[in-house]
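Report on the following structure.
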Amino acid sequence: MTLTGSTPPGDRTAAPRTARTDVSTRATDLPTRSSVRAAAAAAAAAEAAAAPTRRSRGKRSVVTVTVMTLTAGLFGTMALPAFAQGTPTDGTSTQAAADTAARQVEGQTVAVDPAVAAADTSRDGYTATSQATLDAAAAAVAVAQQREAERARLAASYDSYSGPSATDYLAKSASTGTAAAGSVATPGAFSLANVYSTALQYVGTPYVYGGATPAGFDCSGFIMFVYAQYGISLPHSVPSQGAMGTPISASEAQPGDVVIFNDGSHDGFYAGNGMILDAPKPGGKVSVRPLWTSAVHYVRFGV
């Protein structure tokens, strides 16, 4: 007999087996220790494999950030000066305009009296010495050295002179009462013409300052030496000779008379026709030449 809601015997047997089968299946699906270990090992291996990639990505991120930072710094370095030189802000413009206006309002003026004259100015003129000037100076030095050497030579020659001097002629004349022996004049025959003839014998004698012998004459030494041969004693000085002579006019002057320069700087024998016989200056020689000035007067000795 079968009761409603009950399970036939055959079904009772089938149902328990099914229940055991499900329990077995569920037990099989549960993780075991070995599976857990395997899963953990796999996860660790995957983590290890992914670690280099994450580090590389991290490095790239750091580099990227660094590059961006440097770029921003460089941009700022270039942009700031340009910004500083750029158009000022409205506040700065306003302040500058205010300063300009203040200067214009507070400006000062200076009034200068028309009588005040501007000071004259000029540029100092400095020029380099030209080669021509240097050459001329060197030539002048060379000439001066030659003259000095000539003076030294003449002085040595003058010192070596051993002939009669003006003093010797005067001493001889005083003892004999006639012209000194050895003179070119005729003994005892004094005349202006003979004096001039005697003076001409010394043409070519070199000028020597302080000289009064045929080794060398200066102007007054020449006059003194020639007149001494006629027993006329004269000082070795132009002003003194002029003071001792008898003044005569230019129209009265004859060769043998003495020409005295008014400033006392020079004298010589009058040679006639506006000429003079004299011992001129250093480097010159006794000669006859034109009288170059009218600032002279004439004197005569032996009268």
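Quick note: the coordinates plus some simple rules give every number you see, no bench work behind them. From a predicted model like this one, the values you see are computed outputs, not experimental measurements. Heads up, the Cβs are rebuilt from the backbone with ideal geometry, glycines too, and the neighbour counts pull from every protein chain shown.
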- Message: With θ taken as phi - 60° and the coefficients 6.51, -1.76 and 1.60, list the Karplus ³J(HN,Hα) couplings across region 263-276 in order, rounded to whole Hz; mark glycine and proline as x.
- Response: 7, x, 8, 6, 8, x, 7, 6, 10, x, 6, x, 10, 9
- Env charge @ TRP292, Cβ radius under 15 Å, K,R +1 / D,E -1, value -1
- Message: I'd like the chymotrypsin sites (Phe, Trp or Tyr not before Pro) in region 266-296 restricted to DSSP loop residues with at most 10 other Cβ atoms within 10 Å, sorted by number.
- Response: TRP292
- Query: Over the C-alpha atoms of region 190-230, what are the Rg and the largest Cα-to-Cα span, Dmax, in Å?
  - Reply: 9.8, 28
- Note on the structure: Checked region 216-303 against the a/c 1.5 cut and the a/b vs b/c comparison, axes a ≥ b ≥ c from its Cα gyration tensor; verdict rounded
- Over region 165-291, what is the mean sequence separation of C-alpha contacts under 8 Å (at least six apart), divided by residue count, expressed as relative contact order in percent? 25
- Note on the structure: Dividing the alpha-carbon radius of gyration of region 152-303 by 2.2 N^0.38 Å, where N counts its residues, gives 0.97
- Once you list every other residue whose beta carbon is under 14 Å from the beta carbon of MET224, what net charge do they have if Lys and Arg are +1 and Asp and Glu are -1? -4
